[in-house]
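Okay, structure first, notes after.
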Amino acid sequence: MYSRQILSRLTTSTIRSRCFASTLVLAEQIEGGKLAPVTLNTLTAAAQLKQDIDCVIFGTEKTNETANELKKFTNCNIKKILLAENAGFKGLLSESVTPILLDIQKKNNYTHILGGSSTFAKGVLPRLAALLDVQPISDITAVIDKSQYSRFIYAGNAILKLKSNDPVQIITVRGTAFEAAKQGGGSGEAQIEKVNSTPNNDLSEFVSRQVQQSERPELASARIIFSGGRALKSKENFKLLYDLADLFPGQATVGASRAAVDAGYCANDLQIGQTGKIVAPDLYVAIGISGAIQHIAGMKDSKVIVAINKDADSPIFAIADYGLTGDLFKVLPELTEKLKKK
Amino acid sequence: MAIRILVGVKRAIDYAVKIQVKSDKSGVVTEGVKHSMNPFDEIAVEEAIRLKEKKVAQEVIAISCGPPQCQETLRTALALGADRAIHVEVAGKDYETLQPLAISKLIAAVAKKENVDLVLLGKLAIDDDSNQTGQMVAGLLSWPQAVFASKVDIKDKKAEVMREIDGGSETIRVKLPAVITADLRLNQPRFANL
């Protein structure tokens, strides 16, 4: 009896390793060991593949806390959460992470590896793909089936539908194209497993990080964005936007066009566009922004777009749901006053 | 010891052109459409030339993979100050299906053959928006990578690179030979079209 049970279990596991399709999601931490918002969008994309999902978390600390948060997404079919926690992952350098990810892939033979379109995943996943001799797929906007995806090309002016023939498909997911996964709604508990590999990287070292600390939400997850262009004319004038954003604490933040950033009116990481951040808030207010193709590429998925510009012929008005032709220096203070009264 | 740099330059549809999808949806119209050097590659070339001017680099080699028209792009790189230009010919149907993985293998092979200390690429090409080639070249060569660079300092066979990341910037140090990809604010190219 006993030997028969072993035999049947062995048979099952052999079949599993030969043709069992499964997905690995590169989950990410943010400050304090919390789960990064983009991981929730990535989980939704992964779930659309309709396969078992394992997650892996790399970090120097608190990966267990992050895993506990992940466990709450019971409807995503997460079977295992791998924790790669080691002081050697400081800075999450690609040279430290990729070899360990490669080992994990060799042991588990995932058919799909997904990460959010973050600087971390964008650094690691293509590097991993090269080592596996497969063509990575960047910033998908839709999962059509287990080997077909959509993505933007030419700054979002064309949609490419592609089919991958690779045995393992390595994919980054455009966060704003997928709803964030919701907690609960399923059953079963993900198992947590420690990855006992020590990073061995003598090629690169982490020096320092300068991240804007702010009480305002991140651009990628803010519900409302007030975005300024070159017409703001100065760094000091950007205060007009911050004043507006602060009327919606915890919900609104400030963004900018490349022109405003290049002119030195605000920091680089406020830039929204093809080569900056991609955002899709509930409300995007474009202030003094003309609407160059490259800017629109970064915000066209916004649910409602409002444009305020002195020039009625600005291209931004073509994509705005609501437009106001007027001088922003008159409009903004008036708008702020009216909102304060509410 | 002054280093030798390989800079990748891609010929892509000019950033100001309004692209059109072909009526049979098989691709984007490229015939008769203005092409230029990918803007991020202009920034990479500029950085390489500046390193030469600072006498950190002794030679800058430009490389492009594609049809004969790529030679225009390579000539631009030479005019900007590159010492040599290598054209890896990929024509016709092959070029239509040429993807970053194959391009990375080509660049990696040339980097090895030319024994360079640094491969400089634009962070992405504005046509396919892939943002993969630099990372893949580094992976294939087992070299460190510093992608989305906004500042590069080379000293003692190492590159200290400030890079743009979500929410701010970070500084890393990589041993040479390495791959660096240029982000928007790395420099302001001379004679730029933008």
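The values are calculated or read from the model by the stated rules, or taken from the named source; none is laboratory data. Predicted, not measured: the structure shown is a model, and the values here were computed from it. Using ideal geometry, Cβ is built from the backbone for each residue, glycine included, and neighbour counts are taken over all protein chains shown.
Does B:E96 satisfy the criteria of being within 27 Å of A:G156 (Cβ to Cβ) and more than 11 Å from chain A (Cβ to nearest Cβ)?
Values: within 27 Å of A:G156 (Cβ to Cβ): yes; more than 11 Å from chain A (Cβ to nearest Cβ): yes.
Taking the combined requirement at face value, the residue satisfies it.
Residue by residue through the stretch B:1-47, note down the ones that are small (G, A, S) and either surrounded by fewer than 24 Cβ atoms within 10 Å (Cβ to Cβ) or within 10 Å of chain A (Cβ to nearest Cβ) (or both). Walk me through it before giving the result.
To start, the set of residues in the stretch B:1-47 that are small (G, A, S) comprises B:2, B:8, B:12, B:16, B:23, B:26-27, B:32, B:36, B:44.
If the condition is that a residue be small (G, A, S) and either surrounded by fewer than 24 Cβ atoms within 10 Å (Cβ to Cβ) or within 10 Å of chain A (Cβ to nearest Cβ) (or both), then B:A2, B:A12, B:A16, B:S23, B:S26, B:G27, B:G32, B:S36 are the ones that fit.
Which residue out of A:N68, A:N77 is in the same structural domain as A:A180 (by the TED database), over 25 Å from B:K123 (Cα atoms) and crowded, with 17+ Cβ neighbours inside 10 Å?
The unique qualifying residue is A:N77.
Taking only pairs six or more apart or across chains, which ones have beta-carbon atoms under 6 Å, a first residue in the stretch B:128-157 that is more than 24 Å from A:I140 (Cα to Cα), and a second residue that is at pLDDT below 95 and basic (K, R)?
B:S150/B:R185
Can you name every residue in the stretch A:125-174 that is farther than 25 Å from A:K277 by Cα, of a type in the set (D, E) and within 13 Å of chain B (Cβ to nearest Cβ)?
Within the stretch A:125-174, A:D133, A:D166 meet the criteria.
For (1) part of a helix (DSSP H, G or I); (2) within 14 Å of another protein chain (Cβ to nearest Cβ), each residue gets a yes or a no:
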{"residue": "A:E218", "(1), (2)": "no, yes"}
{"residue": "A:A231", "(1), (2)": "yes, no"}
{"residue": "A:S234", "(1), (2)": "no, no"}
{"residue": "A:N237", "(1), (2)": "yes, no"}
{"residue": "A:A259", "(1), (2)": "yes, yes"}
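Looking at the stretch A:101-120, which of the residues that are more than 18 Å from A:D166 (Cβ to Cβ) and either within 14 Å of chain B (Cβ to nearest Cβ) or in contact with a Lys or Arg (Cβ under 9 Å, 6 or more places away or on another chain) (or both) is surrounded by the most Cβ atoms within 10 Å (Cβ to Cβ)? Outline the logic, then answer.
Filtering the stretch A:101-120 down to residues more than 18 Å from A:D166 (Cβ to Cβ) leaves A:103, A:107, A:116-120.
Still in the running and either within 14 Å of chain B (Cβ to nearest Cβ) or in contact with a Lys or Arg (Cβ under 9 Å, 6 or more places away or on another chain) (or both): A:116-120.
Values: A:G116: 28, A:S117: 24, A:S118: 24, A:T119: 16, A:F120: 21.
Taking the candidates together, the pick is A:G116.
Please determine whether any residue of the stretch A:294-314 is surrounded by 22 or more Cβ atoms within 10 Å (Cβ to Cβ), of a type in the set (S, T, Y), closer than 30 Å to B:R163 by Cβ and more than 14 Å from every other protein chain (Cβ to nearest Cβ).
Within the stretch A:294-314 (the criterion being surrounded by 22 or more Cβ atoms within 10 Å (Cβ to Cβ), of a type in the set (S, T, Y), closer than 30 Å to B:R163 by Cβ and more than 14 Å from every other protein chain (Cβ to nearest Cβ)), the answer is yes, since at least one residue qualifies.
Table: residues versus (1) within 8 Å of chain A (Cβ to nearest Cβ); (2) outside any strand (DSSP E or B).
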| residue | (1), (2) |
| --- | --- |
| B:A109 | no, yes |
| B:L120 | no, no |
| B:I126 | yes, yes |
| B:M136 | yes, yes |
| B:V147 | yes, no |
| B:K151 | no, no |
| B:E164 | yes, no |
| B:E170 | yes, no |
| B:F191 | no, yes |
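Tell me which of these B:N131 doesn't satisfy, since it passes every other one: (1) assigned to a loop (DSSP other than H, G, I, E, B); (2) more than 14 Å from chain A (Cβ to nearest Cβ); (3) within 12 Å of the chain's Cα centre (by Cα).
The single condition B:N131 does not satisfy is (2).
For A:P37, which of the numbered conditions (1) out of contact with any Asp or Glu (no Cβ under 9 Å at 6 or more places or on another chain); (2) surrounded by 11 or more Cβ atoms within 10 Å (Cβ to Cβ); (3) at pLDDT 50 or above fails to hold?
Condition not satisfied by A:P37: (1).
Collect the residues in the stretch A:194-208 that are facing chain B (nearest Cβ under 9 Å) and either free of Cβ contacts under 8 Å to residues at least 40 places away in the same chain or loosely packed, with under 14 Cβ neighbours inside 10 Å (or both), keeping them in residue-number order.
A:D202, A:V207, A:S208
B:T73 - would you say it is in contact with a Ser or Thr (Cβ under 8 Å, 6 or more places away or on another chain) and under 24 Å from A:S138 (Cβ atoms)? I'd like the intermediate steps shown before the answer.
Numbers: in contact with a Ser or Thr (Cβ under 8 Å, 6 or more places away or on another chain): yes; under 24 Å from A:S138 (Cβ atoms): yes.
For B:T73, the condition - in contact with a Ser or Thr (Cβ under 8 Å, 6 or more places away or on another chain) and under 24 Å from A:S138 (Cβ atoms) - is met.
Please identify the pairs in which a residue from the stretch B:1-26 that is in contact (Cβ under 8 Å) with a residue 40 or more places away in the chain has its Cβ atom under 8 Å from the Cβ atom of a residue that is surrounded by fewer than 16 Cβ atoms within 10 Å (Cβ to Cβ) and part of a strand (DSSP E or B), counting only partners at least 6 apart or on another chain.
Hits for this filter: B:A2/B:Q58; B:I3/B:Q58; B:R4/B:Q58.
When you check B:S64 against the structure, is it at pLDDT 95 or above, on the phi < 0 side of the Ramachandran plot and in contact with a helix residue (DSSP H, G or I) (Cβ under 6 Å, 6 or more places away or on another chain), yes or no? Show your work before the answer.
On the way: at pLDDT 95 or above: yes; on the phi < 0 side of the Ramachandran plot: yes; in contact with a helix residue (DSSP H, G or I) (Cβ under 6 Å, 6 or more places away or on another chain): yes.
For B:S64, the condition - at pLDDT 95 or above, on the phi < 0 side of the Ramachandran plot and in contact with a helix residue (DSSP H, G or I) (Cβ under 6 Å, 6 or more places away or on another chain) - is met.
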